[in-house]
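The values are calculated or read from the model by the stated rules, or taken from the named source; none is laboratory data. None of the values given here were measured: they were computed from a predicted structure. All Cβ positions, glycine included, derive from the backbone under ideal geometry; neighbour counts span all protein chains shown. Note: accessible area is taken over every heavy atom of the protein model, side chains too, but ligands, DNA and RNA are not part of it. Shrake-Rupley method; radii C 1.70, N 1.55, O 1.52, S 1.80 Å.
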Amino acid sequence: MQNKLNNKIYNEQFLLLAFISLITFKVVMLPQYLVKTAGSQSYMTMFFMIAIEIMMLCVVYGITKNGSILQLDIPKWVKGVFAILVFASSLIKSTILGSEGVAYISTSLYGSVSWSFVTLALIIVSLYLAHKGGKVLGRTVQIFFWVLIFALVFYGVFSNFNFEAINLMPFKISSDLAVAGDKFLMWFGDFTPLLFMSTSPSSNRKKSTMAIWITFAVIATLICSVGLMIQFICIFGASGAVVGNAFLNVSSLNKISFMIGSVDLPTVLSWLIMCVIKFALLLYAMAECAKFFFGNKILVSLACGIIVYAVIVYGIGNLKTSYNLATSWLRYFAFLTEFLVTVAAYIAMRVSMNKKQKAPAPQAVNNQGEAYEKA
């Protein structure tokens, strides 16, 4: 019962977590990789894949309204299969994508600090949030939501760059778009951790307010992903293929930086918050899957953190290895798992609900039995 309460969040918190889950690692190295493969039209790939993710999040939300994936009234062995698949997928994503965050922090922020220290700090904070459950994650993102808004407003007000729309030309749809979408699947499909939460409407929110929240979340997701991709291409053009950390390089071009130097603190701070929450979401999914088999113990969460730490520090260790793993066959497993588990869980939930509706009520069965005895 306690675990159910720990994973219960409000609809607004679900939207904020979904936004962070979708955006965080799409604004770091992915724009560079997409431009290198698909050129000036790579923003189309970003838009198409983001649109698919948003549609899948509707399915995820439909499931979480009835409880987390491990609380659904479906066979236990089916839940076990889901837990194994999501654990493996979350492990792959947390180590490979997490390596991007570690690489950025260790090189861009602190100047070649050891991966082991950065990874340890990141895992300690994220693991604490993950172990506390979905409710704490939801409250955390709700608190830091205003930091993200401030960073977005700051960038919008003080942005200063030459919008070279010519860099988006020529407009054409080529096979390179499909190649880019296939090659970088690892950076898409980020919604299975949300399946382990249970959503409910807030008592002080009206349905009309919720519609505004949904609209805002969709627009913000498109602006921060596709919009950033378009800006990245307009600023750097073909040279974007050698420019990493897109969010930092785009946001650093503001009016204040030309007067007093670099003013990237709001952007960096907001991304670090998103990185910690995204990392915590992946560790949370791993821990929930492991607890399904080994019980709700803190040692289970610690074991998940130790595994991720060991893989990032001793198994990957650098951005090149991370890229090679991200573009290997592992991308198909991680991407297909996200979709197959979500669709299968929704189907299993609907089948279970239909069986309940068709089953006769207990009182009706008792009345029929009494009538038969009297006869």
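Looking at region 163-183, which of the residues that are among the polar types (S, T, N, Q) and at pLDDT 80 or above is least open to solvent (accessible area, probe 1.4 Å)? Going through the qualifying residues, I end up with Ser174.
Across region 97-132, which residue is farthest from Ile316 (Cα to Cα) among those that are touching a Lys or Arg at 6+ places or on another chain (Cβ under 9 Å) and either without any contact (Cβ under 8 Å) to a residue 12 or more places away in the chain or not polar (S, T, N, Q) (or both)? The selected residue is Gly101. Whenever a residue of region 52-72 is assigned to a helix (DSSP H, G or I), its partners that are aromatic (Phe, Trp, Tyr) and open to solvent by 30 Å² or more (accessible area, probe 1.4 Å), lying with C-beta atoms within less than 9 angstrom and at least six residues away or across chains, give the pairs Ile52/Phe339; Met56/Phe339; Val59/Tyr346; Val60/Tyr346; Gly62/Tyr346; Ile63/Tyr346. Only one entry in Ile235, Ile260, Ile219 is surrounded by fewer than 19 Cβ atoms within 10 Å (Cβ to Cβ) and modelled with pLDDT of 85 or more, namely Ile219. Being under 30 Å from Phe339 (Cβ atoms), modelled with pLDDT of 80 or more and either assigned to a loop (DSSP other than H, G, I, E, B) or open to solvent by less than 70 Å² (accessible area, probe 1.4 Å) (or both) is a property that holds for Ser90.
Picking from Val276, Val308, Val343, which residue would you name as being on the phi < 0 side of the Ramachandran plot, within 18 Å of the chain's Cα centre (by Cα) and loosely packed, with under 13 Cβ neighbours inside 10 Å?
Details: Val276 fails: loosely packed, with under 13 Cβ neighbours inside 10 Å; Val308 fails: loosely packed, with under 13 Cβ neighbours inside 10 Å.
On inspection, the qualifying residue turns out to be Val343.
Filtering region 93-130 to residues that are small (Gly, Ala, Ser), part of a helix (DSSP H, G or I) and open to solvent by 50 Å² or more (accessible area, probe 1.4 Å) leaves Ser108, Ala121.
Listed by first and then second residue, the pairs with beta-carbon distance under 6 Å, at least 6 apart or on different chains, first residue in region 265-293 and acidic (Asp, Glu), second open to solvent by less than 20 Å² (accessible area, probe 1.4 Å) and assigned to a helix (DSSP H, G or I), are Glu288/Phe196.
Could you tell me whether region 17-35 includes any residue that is assigned to a helix (DSSP H, G or I), within 22 Å of Thr342 (Cβ to Cβ) and open to solvent by 20 Å² or more (accessible area, probe 1.4 Å)? The answer is yes, given that some residue of region 17-35 is assigned to a helix (DSSP H, G or I), within 22 Å of Thr342 (Cβ to Cβ) and open to solvent by 20 Å² or more (accessible area, probe 1.4 Å). Contact annotation: no residue pair with Cβ atoms under 8 Å, 6 or more positions apart or on different chains, pairs a residue in region 324-344 that is touching a residue at least 24 places away in the same chain (Cβ under 8 Å) and under 15 Å from Leu97 (Cβ atoms) with a partner that is among the β-branched types (Val, Ile, Thr) and open to solvent by 60 Å² or more (accessible area, probe 1.4 Å).
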